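The values are calculated or read from the model by the stated rules, or taken from the named source; none is laboratory data. Note that the coordinates shown come from a computational prediction; the quantities given were computed from them, not determined experimentally. Don't worry about glycine lacking a Cβ; one is built from the backbone with ideal geometry, like all the others, and counts go over all protein chains shown.
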Ligand code: NAD
C-alpha cells in the first residue's frame, strides 16, 4: 500500500496534505509513503523532515509510481496523475460542485475520488472534518486581517492622553468560522454582535459574550435545513433581515461575513447602500467571496475601498496560516484513513455511511447522490 503526497499546484495554495507527524503514523499502519520534493516548502516543512519521518522524497513521477492513495489539499489535475495505480483513491478537498469537470475526468480515468468536504457532519466524523478545521482558522485570520486594515485599535484603552473607544465588530453567519471570529474579536477587545438564520446559534453567540442580532416575527424564520446547514430564506425574511442589518451596520467598525449555503451561491447580505452608511475607515471581511460573496463589490483576491470602507476579499484564507492549517488538514486525512484501516487487507475499507457520502467516482462512473440528484 503506497500513499503519495503531492505538491499543490493551485495558485496561492500554501498548504500540504501530510506532515512528518502523519507520515510517521501512516508508516506505523504499514503503508509506504512518498512525498513530492518541495511539497511542504510553503508550510515550513523541509523535505529532510519528511525523509526523517520515513518517507521517500522525489520527483512527482517517482512519488506517483504505483501509488494506491494520492493525498492532496485541493484536487490534483487528473492528467498529472500518470503512474498511479488503476483505481487509485484521490483523497482531497475536491470542490465537487465547483469543479464538476474534474470529477468527470477522475471517473473517466478510473480513479476513486473521495471528497473530504462531503464528510458527514456527524459526531464520529468530527476528527475527519476539513471544513471545520479550516473554517476555524479562517475565522481567526479574518479578524486579524480586519485588524491589520483598520486604522484604529480594537480594545478600549484608557490612557493619560485620553480614552480610545472599543471597536464594534459584527459577525454575519455563525458557523464554525463565525464562532471563531466572534471569539477572536472578543479576545482582541472589540464589542461584538452577531447574526445567523439558524436560531440555535443565538445561545452560542451569547455564550461567547457577544450580542445576538436576529430577525423576529417573520414567517419562515427558522433557517436550519438538513445536516444543520442553512437553507435559502423567504423573500419576506430577506427583506426583514436587510432592514435589521441596515440599522445595525451603520454603527459598526468591523464586519466579518461567513454565510454559505451548500451547493448554492453565497447569500448577499450587504448592499452598496449599506456600505455607504458605514463610517469611513470601517473594514468588512468577506470570507464567502469565493462562493460569490456576501458583500456587494467584494472582489476575490483583493482589498478594495468603497465609500471609504475597506472590503477584504482574500482567497483561501486558511492557506494564509499554512503551517497550522496543514497540520490540522493532514490530521483530518489521517483520522479518516486510519479509522477505516483494515489490518488484514492492509488498506482502508470504508463503511457505507461515510463511504457513500464522500465517494464521488468509482469504476469509471460518477456515483455520488449529491452530484447525481
Ligand atoms: P457554513 O460554512 O455552511 O455557513 C456559515 C454560516 O452562515 C452558517 O451558520 C449558516 O447558518 C449561516 N448563514 C447562511 N445563510 C445566512 C444568511 N442569509 N444570513 C446569516 N447567516 C447565514 O456553516 P458551517 O460552519 O459549515 O456549519 C454548518 C452546520 O454544521 C452547523 O449547524 C454546525 O453546527 C454544523 N457542524 C457540525 C459538525 C459535526 O457535528 N461534525 C461540525 C461542524 C459543523
- line: Here the residues within the stretch 363-373 that are modelled with pLDDT under 95 and in contact with a strand residue (DSSP E or B) (Cβ under 8 Å, 6 or more places away or on another chain) are 372
query: Can you name the number of the only condition in (1) crowded, with 21+ Cβ neighbours inside 10 Å; (2) modelled with pLDDT under 95 that residue 263 fails?
result: (1)
Identity of the residue in the stretch 109-136, outside any helix (DSSP H, G or I) and touching a strand residue (DSSP E or B) at 6+ places or on another chain (Cβ under 8 Å), that ends up surrounded by the fewest Cβ atoms within 10 Å (Cβ to Cβ): 112
message: Within the stretch 217-244, take every residue that is more than 9 Å from the ligand (Cβ to nearest atom) and modelled with pLDDT of 75 or more and give me the one that is surrounded by the most Cβ atoms within 10 Å (Cβ to Cβ).
response: 240
query: Can you name the residue in the stretch 165-216 that is in a strand (DSSP E or B) and either outside the structural domain of residue 143 (by TED's automatic domain parsing) or more than 14 Å from residue 259 (Cβ to Cβ) (or both) and is also farthest from the ligand (Cβ to nearest atom) among such residues?
result: 191
task: Could you check, for the stretch 52-64, whether at least one of its residues is in a loop (DSSP other than H, G, I, E, B), over 21 Å from the mean Cα position of the chain (by Cα), assigned by TED's automatic domain parsing to the domain that holds residue 337 and surrounded by fewer than 16 Cβ atoms within 10 Å (Cβ to Cβ)?
output: yes
- prompt: Looking at residue 260, is it touching a residue at least 40 places away in the same chain (Cβ under 8 Å) and either on the phi > 0 side of the Ramachandran plot or in a loop (DSSP other than H, G, I, E, B) (or both)?
  reply: yes
Condition check for residue 147: at pLDDT 95 or above, over 30 Å from residue 227 (Cα atoms), not assigned by TED's automatic domain parsing to the domain that holds residue 247 and not in a loop (DSSP other than H, G, I, E, B): no
message: Looking at 303, 285, 295, can you tell me which residue is at pLDDT 95 or above, touching a helix residue (DSSP H, G or I) at 6+ places or on another chain (Cβ under 6 Å) and assigned by TED's automatic domain parsing to the domain that holds residue 264?
response: 285
query: Counting just the residues of the stretch 89-108 that are assigned to a loop (DSSP other than H, G, I, E, B) and surrounded by 21 or more Cβ atoms within 10 Å (Cβ to Cβ), which one comes out nearest to the ligand (Cβ to nearest atom)?
result: 96
- prompt: How many residues are outside any strand (DSSP E or B) and in contact with a strand residue (DSSP E or B) (Cβ under 8 Å, 6 or more places away or on another chain) if we restrict to the stretch 340-362?
  reply: 5
message: It is to be established whether one or more residues within the stretch 266-285 are assigned to a strand (DSSP E or B) and farther than 21 Å from residue 146 by Cα.
response: no
Residue 297 vs. criteria crowded, with 22+ Cβ neighbours inside 10 Å, away from the ligand (no atom under 12 Å from the Cβ) and not in a helix (DSSP H, G or I): no
field: Qualifying positions in the stretch 332-344 - surrounded by fewer than 18 Cβ atoms within 10 Å (Cβ to Cβ) and within 15 Å of residue 112 (Cβ to Cβ)
entry: 340
